[in-house]
Amino acid sequence: MREIKIGLLGCGTVGGGVITVLQMNKDIIEQRVGAKLTLAKVLCRPEDMTRPVLKGLNTTFELEDILNDPSIDIVVELIGGTRVAKDFLLRAMDAGKHVVTANKDVIAQFGKEVFDAVERNNIDFLFEAAVGGGIPIIMPLKRCLTANRLTEVLGIVNGTTNYMLTKMAEVGADYDTVLKEAQALGYAEANPASDVEGLDAARKAAILASLAFNSRVQLKDVHVEGITKITTADIDYAKSLGYVVKLLAVGKDTPLGIDVRVHPAFLPKAHPLASVNGVLNAIFVRGNSIGEAMFFGPGAGGVPTASAVISDIIEIARNILNGKPGAVGCTCYGDKPLCPIEEIVTSYYIRLLVDDKPGVLGSIAKIFGDAGVSLKSVVQTAHNKDRAEIVVITHAVKYKAIIDAANRLKELPVVDDVLGMIRVHSEDEAQKND
Ligand code: NDP
Ligand code: HSE
């Protein structure tokens, strides 16, 4: 049986998961590939050496030990971030190694540079784990859905924030406690601000939009709002109005260009994504042949993510056995413009803290009217003795109109604060933007 050797960079959550699953499923993986897959060397740091998962493996602290070893065919980069990882990944490619990564940061920021290196070196480069953890979505977009004109990719693509929002909704858990839990479970990024501020989801949104619409979308192109301002009060209002709060990654191909954004949203309880809870992720895709399809599963965690990483390793091993690279390279052949966020049309939930006295509702309604914002529903609840909360759901309006209304509301003497402003996802919205 031929032997195919792997060099692994990083032995943290996902790296450890890859080692575990390669050992756990060694027999079936080798039968499927028709070759022996050997973890030849693991690049780690001196402080990692006590990790039980490394027992019995060849380790090194020098990248060159892997790059200069001609017997190693595939390098798997699981260090993360852009600082060291991008350099290591490009050096591995220039050393002629096939590369697998889970690194959405590098792809969303330096995709062109990476794919130029792929082409220059005539190697395979696969990154199934970069979006949706263990969920197959990159291959489906690159291969299985290519007969379609795709118009929409809508996803819950961050396990940490979905876990947090679910716990806040289900047991009223507080934000800091659930963030700590998500970190302890290995879901969060090294810097969890990436998760809660929406950047991790934005990287994935950029990758999904690039693949779906065949034009390069980068992290800097994504409008990003995280979940840091979401409170249990907003979640409770959502519940009572028939919605759940989710951090959505939205990608749409509109006549004005690619609409790509990440933000919390009120999602109707009947929407297929509304029941995606905990660390689970899902990506909902709309195409003109398949109709609607949803890809669903664990979006983070070492062992589930290893499933996607190892599927890439197996794919490349098969290509090596066939004697030629076989991965689909860069699919960003187009040059679609981006749709300005100001032009995007959605409904909004707005929660205001106001003086509880006659005429307040009228003055608020006038502000909305003057800004061209039509209201769908208004609910008033008592806050304390002389304050009330007003919760408004608007009809679909342009972002610039709602920002205008919010700025005018803040200046109104009877409005103490705009406590919350969250988009409401609806199918009307989808049609208005199409
Ligand atoms: P971890 O931080 O758990 O693991 C990264 C490992 O790389 C750490 O052990 C770190 O060591 C090590 N490392 C850092 N710099 C070097 C270096 N110069 N040489 C050798 N080792 C180094 O991250 P994850 O495993 O969670 O993430 C890895 C990648 O997978 C990231 O790109 C992430 O975005 C992606 N990903 C993660 C998922 C998850 O659920 N965690 C899911 C999907 C994708 P040290 O600990 O000493 O810093
Ligand atoms: N921190 C990421 C998440 C890991 O929570 O989804 C998976 O990419």
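The values are calculated or read from the model by the stated rules, or taken from the named source; none is laboratory data. A quick note: this is a predicted structure, and the numbers were derived from the prediction, not measured. Please note: Cβ atoms are built from the backbone with ideal geometry, for glycine as well, and neighbour counts cover all protein chains shown.
Go over the candidates I393, I320, I350 one by one and state the one that is in a helix (DSSP H, G or I) and either among the aliphatic types (A, V, I, L, M) or exposed (fewer than 14 other Cβ atoms within 10 Å of the Cβ) (or both). Spell out how you get there, then give the answer.
Details: I393 fails: in a helix (DSSP H, G or I); I350 fails: in a helix (DSSP H, G or I).
None of the other options fit; the residue is I320.
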Worksheet item: Of A233, A193, which residue is within 16 Å of ligand 2 (Cβ to nearest atom), surrounded by fewer than 22 Cβ atoms within 10 Å (Cβ to Cβ) and not basic (K, R)?
Response: A193
Worksheet entry | Residue satisfying all of: in the stretch 153-188; farther than 16 Å from L247 by Cα and either within 16 Å of ligand 2 (Cβ to nearest atom) or not assigned by TED's automatic domain parsing to the domain that holds R261 (or both); surrounded by the fewest Cβ atoms within 10 Å (Cβ to Cβ) among these | A184
Worksheet item: Among the residues of the stretch 104-137, how many are in contact with an Asp or Glu (Cβ under 6 Å, 6 or more places away or on another chain) and within 12 Å of ligand 2 (Cβ to nearest atom)?
Response: 1
Item to complete: Inspect all residues belonging to the stretch 121-129 and state whether any of them is near ligand 1 (Cβ under 9 Å from one of its atoms), part of a helix (DSSP H, G or I) and either touching a residue at least 24 places away in the same chain (Cβ under 8 Å) or assigned by TED's automatic domain parsing to the domain that holds K220 (or both).
Response: yes
Discussion item. Which condition from (1) more than 24 Å from N319 (Cα to Cα); (2) among the polar types (S, T, N, Q); (3) within 16 Å of ligand 1 (Cβ to nearest atom) is the one that T151 breaks?
Written reply: (3)
Practice prompt. Report, by residue number, each residue of the stretch 282-298 that is under 17 Å from A209 (Cα atoms) and assigned to a strand (DSSP E or B).
Written response: A282, I283, F284, V285, R286, G287, E292, A293, M294, F295
